[in-house]
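Q: Here it is, the structure in full.
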Amino acid sequence: MARLIEQSVARVARAIVAHAPEGWAEAVLVSTDGLFGLNVDGKYTLSDAPPQSIHLTRGFQDLSDVTAAVGTARGWERTRLEIRCLPSGAYSLVASRDVVSRLYGERPGFLAVLDHGYRLFPAGYAQKEGTAGPAGDPELALARLRAYLKRRAEILGHTEVLPPPVSEASLADAERRLGRPLPPDLRALYLFADGSGDDARSLFGSLGWIPLAQLVAANADRREPVWTGWEDHWDAVVLDADPPGTVRRCHEHPAWLPFATADDGNYLVVDMSPAHAGRPGQVIQVGRDYYEGPLYICDSVTSLLARYLDLLDRGAYEVGEGDDYIGFVEDPYESGFDPELLSGGIPHAVPSGLQAVLIQFNAPTSPLDLAPLAVAPRLRRLDLKRRPVTDLAPIRDLPIESLAVSLHDGDLAPLEGHRHLRSLDLATSTTIDLTPLRTAPNLHGLDLSQAAVQDLTVLAEFTHLRYLALTGSQWAVLLDENKVPPALAAARLSERDASRVGALSWAARLGLTVGAPFVVSGTLASDSETGRTR
């Protein structure tokens, strides 16, 4: 078996090297074969350019064979392979129990999930639901849909035929399976037609209105939303769209019912559990391109149809080739509200509805004055690490949930007892005292890998901490003193040059069952004429 594994690994290494870009310095490919099949990811590291992804065109069967062979020999349910290659032709395989994941980006390293059963609910899931009734009107919505179809027929020169309506019994069964009713105006539309069908597939702007059965299928089996993507960001903050407080601050919710899509991963959704300023049945947009959170569109499907009619009446459209498509030249979903400030600094005049400030790469190096932010009572996210900050006092009373800051000659006293703070990414120029953070009741995520800390062992008193990122030397202090925070669900080793073997040793010290890794190494032969490895 060992010989077959060595041959398979050599073939994969040969494929990696054969497709390496000019100037590459190292290649790392990671493969996991578990419950959902073979997952492969990897990067070429270049000496003078950003990393490039490895796109493996062959070798998948070899990877699968190695994973299965090692997993069977060691009794591992999930096995992770890491293959490293150098331009010299040297390569190595480390196969291990799937307990640590390699991380890339600005601060590479490894992630260990200590509690796979832990679920962190998004902040918005606990928001109070709005008490107002729905804004939509079923009779008006139906009248507007008929008028909209008539105007489209006049423009296109032919009538679009929609599918037959659903029955009252089908609607009642759908609502039973969904566990909630549809808004009255959308319900009335399904009693008129079961979606837009193929003839009018771009009825809702550029999106198709989906059949009722598809709506139910997309929602009936959904569970309460939880955030488990530790690798990307331990606790994402989702911003309200427009106006503030209308939409829950989640990436998804079981009461968000998609009713239109272009099959591109983006959806129009009726929100049946709005935030305190919202209305049930309001229309929001969610999906692949809305990674900062949902975009509020309008208070109802009734209002959305009015927006489409207005665009047609104003001539803000164009007809596609073949007279079978109407495209709006103005965005019918633009809300006109921007909750984020992306800049190199903070202006003296800050909009009161501001919810996030992200300092960009081209920021100056002078200290940042946070005083103007005091007039932004809804501010929840600050990413200030591109500029130094000397005083956190101006944000003491603001509802900041996510804070990334480079603190120069300042202290953390203003964050003592801060009841909103959920995650802190801290860099410092001098040694800092963590003690004030002990009384922040909702602080669940902490990244100190760029901070000089006076006494790391105080972290043992952070009984609510769920995520912690440290360098190898910082982790050594906690592990040697047995002062690891007791409730950690995920831990990050922030080390650019850490090896998988070293990461496995770290994970074992954290209490994870690792087992001895399976290691293979070798050197690819060189072509005598070209000098390239083969």
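The values are calculated or read from the model by the stated rules, or taken from the named source; none is laboratory data. Please read all numbers here as calculations on a predicted model, not as lab measurements. Here the Cβ is made from the backbone with ideal geometry for all residues, glycine too, and neighbour counts use every protein chain on show. Ligands, DNA and RNA are excluded from the accessible area calculation, which covers all protein heavy atoms including side chains. Shrake-Rupley method; radii C 1.70, N 1.55, O 1.52, S 1.80 Å.
Q: For Lys483, list the lysines whose Cα falls under 29 Å from its own Cα; do not include residues on the same chain fewer than 8 positions away.
A: Within the straight-line limit of under 29 Å, Lys483 reaches these lysines: Lys385.
Q: Can you give me the solvent accessible area of Arg438 with a 1.4 Å probe, rounded to the nearest 10 Å²?
A: 110 Å²
Q: Helix by helix through the chain, keep the DSSP H runs that span 30 Å or more along the axis on Cα and average at least 0.0 on Kyte-Doolittle, and give those back in order.
A: Sorted by number, there is nothing, because no helix extends far enough and scores high enough.
Q: Filter the GluC sites (Glu not before Pro) in segment 379-479 down to the DSSP loop ones having no more than 15 other Cβ atoms within 10 Å, then list what survives.
A: Glu416
Q: Give me the dipole magnitude in Debye, nearest 20, for the chain about the Cα centre, with unit charges on the beta carbon: positive for Lys and Arg, negative for Asp and Glu.
A: Value, rounded to 20: 1360 debye.
Q: Ok, one more. Mind grabbing the accessible area of Asp455 for me, 1.4 Å probe, Å², rounded to tens?
A: So the heavy atoms of Asp455 present about 70 Å² to solvent.
Q: Turning to a different aspect of this structure: Enumerate by residue number the trypsin sites (Lys or Arg not before Pro) in segment 24-74 meeting two conditions: DSSP loop (anything except H, G, I, E, B), and at most 16 other Cβ atoms within 10 Å of the site's Cβ.
A: In loop regions of segment 24-74 (DSSP not H, G, I, E or B), the sparsely surrounded trypsin sites (Lys or Arg not before Pro) are Arg58.
Q: Still on this model: In segment 1-77, which GluC sites (Glu not before Pro) are in a loop and have at most 11 other Cβ atoms within 10 Å, using DSSP for the loop call?
A: Hits after loop and neighbour filter: Glu22, Glu77.
Q: Accessible area of Ile400, 1.4 Å probe, to the nearest 10 Å²?
A: 0 Å²
Q: Can you check what the net charge comes to around Thr428, using other residues whose Cβ is under 13 Å from the Cβ of Thr428 (Lys, Arg +1; Asp, Glu -1)?
A: Neighbour charge sum, excluding Thr428 itself: -4.
Q: Given Thr457, Phe328, Gln355, which one lies farthest toward the positive end of the charge dipole of the chain, if we put +1 on the Cβ of every Lys and Arg and -1 on the Cβ of every Asp and Glu?
A: Thr457
Q: Okay, next question. Provide Thr72, Thr67, Thr439 ordered by accessible surface of protein heavy atoms (probe 1.4 Å), highest first.
A: Output order, biggest surface exposure first: Thr72, Thr439, Thr67.
Q: Could you please put Tyr104, Tyr148 in sequence from largest to smallest accessible area, using a 1.4 Å probe? List each step's numbers first, then the result.
A: Numbers: Tyr104 75, Tyr148 0 Å².
Result of the area sort, largest leading: Tyr104, Tyr148.
Q: Heavy atoms only, probe 1.4 angstrom, no DNA, RNA or ligands counted: give me Arg378, Arg176 ranked by accessible area, highest first. Write out the running numbers ahead of the final one.
A: Working: Arg378 70, Arg176 160 Å².
Ranked from most to least accessible, the order is Arg176, Arg378.
Q: Measure out, as a whole number of angstrom, how far apart the alpha-carbon centroids of segment 441-471 and segment 61-122 sit.
A: Centre-to-centre (Cα) distance: 26 Å.
Q: Still on this model: Quick one: putting +1 on the C-beta of Lys and Arg, -1 on the C-beta of Asp and Glu, what dipole do you get for segment 384-534 around its Cα centre, in Debye to the nearest 20?
A: Dipole magnitude for segment 384-534 comes out near 500 debye.
Q: Only Cα pairs under 8 Å and at least 6 apart count here; give the relative contact order of the chain as a rounded whole percent.
A: 14 percent
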